[in-house]
1. Is one or more of the residues making up the stretch 98-109 in contact with a helix residue (DSSP H, G or I) (Cβ under 9 Å, 6 or more places away or on another chain) and surrounded by 22 or more Cβ atoms within 10 Å (Cβ to Cβ)?
2. Being surrounded by 14 or more Cβ atoms within 10 Å (Cβ to Cβ) and assigned to a helix (DSSP H, G or I) is the filter here, so list the residues in the stretch 129-158 that pass it.
3. Got at least one residue in the stretch 67-89 being within 30 Å of residue 153 (Cα to Cα), touching a residue at least 60 places away in the same chain (Cβ under 8 Å) and crowded, with 23+ Cβ neighbours inside 10 Å?
4. Could you please give the count of residues in the stretch 163-185 that are in contact with a helix residue (DSSP H, G or I) (Cβ under 6 Å, 6 or more places away or on another chain) and closer than 27 Å to residue 100 by Cα?
5. Would you say residue 15 is modelled with pLDDT of 95 or more, touching a strand residue (DSSP E or B) at 6+ places or on another chain (Cβ under 7 Å), assigned to a helix (DSSP H, G or I) and under 18 Å from residue 228 (Cβ atoms)?
6. When residue 227 is evaluated against the numbered criteria (1) under 21 Å from the mean Cα position of the chain (by Cα); (2) farther than 18 Å from residue 88 by Cβ; (3) surrounded by fewer than 21 Cβ atoms within 10 Å (Cβ to Cβ), which criterion, by number, is the only one it fails?
7. What is the one condition in (1) closer than 25 Å to residue 193 by Cα; (2) outside any strand (DSSP E or B); (3) in contact with a helix residue (DSSP H, G or I) (Cβ under 7 Å, 6 or more places away or on another chain); (4) in contact (Cβ under 8 Å) with a residue 40 or more places away in the chain that residue 115 does not satisfy?
8. Restricting to the stretch 183-214, name every residue that is in contact (Cβ under 8 Å) with a residue 12 or more places away in the chain, over 29 Å from residue 43 (Cα atoms) and either part of a helix (DSSP H, G or I) or in contact with a strand residue (DSSP E or B) (Cβ under 6 Å, 6 or more places away or on another chain) (or both).
């Protein structure tokens with residue numbers, strides 16, 4: 001069914017590749033006016049081009065979500081482009097560096113991962129929610145992770161940030177449940193994205209090891225996460241808020 005978010009204004013951070021790009025393309029096909037934000041202008045512009053070639057409406061704005069000024073400017077650009085904000089997918093994130101144990105994680109890596117993956121989500125919501133309240137409400141989806149629900153050895157900074165996103169999502173959901181803003185999170189498992197491909201290239205995991213961890217015996221696709229985000233942003237999920245939703249092939253159910 002097309003048009004599930006027809007006419008809505010949607011902001012997607014980290015929209016230049018992977019899950020963000022797949023979601024931006026889907027939102028464009030479903031009739032949303034899409035604002036794509038990414039630290040990488042080249043990737044962001046590619047996404048915009050693909051949306052427009054498919055008949056959709058979209059603009060790109062470069063932003064570093066860990067920078068408060070960038071996020072503030074991004075929200076002004078959203079308003080300048082389309083007047084308001086209905087949906088936001090706070091997806092921008094990095095994997096950071098792996099370390100054998102928590103004491104091996106460098107402070108530099110810790111600070112960078114927390115700044116982008118957790119503080120970036122906080123900053124986006126800090127500016128998105130007031131915009132949505134002015135227009136009568138909206139829906140926010142944050143990208144957490146299956147690693148935001150369970151531990152993962154060797155990824156202390158990433159796991160801490162994603163657990164933080166899950167908790168932040170629940171808190172904001174409670175704060176604005178009576179004011180028309182729903183806040184949820186998707187918790188992807190192992191998805192075939194550039195981030196996971198980099199981990200494979202570095203030898204962090206082998207593809208066989210990843211598949212062995214997944215009860216469905218395969219990696220997920222970015223488009224499968226995009227469908228979950230679309231549902232959470234649409235009126236079909238109107239009674240859902242505060243949910244860190246696993247989309248992980250059963251990984252955290254084990």
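1. no
2. 129, 131, 132, 133, 146, 147, 148, 156, 157, 158, listed by residue number.
3. yes
4. 4
5. no
6. Going through the list (1) under 21 Å from the mean Cα position of the chain (by Cα); (2) farther than 18 Å from residue 88 by Cβ; (3) surrounded by fewer than 21 Cβ atoms within 10 Å (Cβ to Cβ), residue 227 breaks only (2).
7. (3)
8. Answer for the stretch 183-214, where residues must be in contact (Cβ under 8 Å) with a residue 12 or more places away in the chain, over 29 Å from residue 43 (Cα atoms) and either part of a helix (DSSP H, G or I) or in contact with a strand residue (DSSP E or B) (Cβ under 6 Å, 6 or more places away or on another chain) (or both): just 213.
The values are calculated or read from the model by the stated rules, or taken from the named source; none is laboratory data. Predicted model only: the values in this text are computed from it and were never measured. Backbone-built Cβ (ideal geometry, glycine too); neighbour counts: all protein chains shown.
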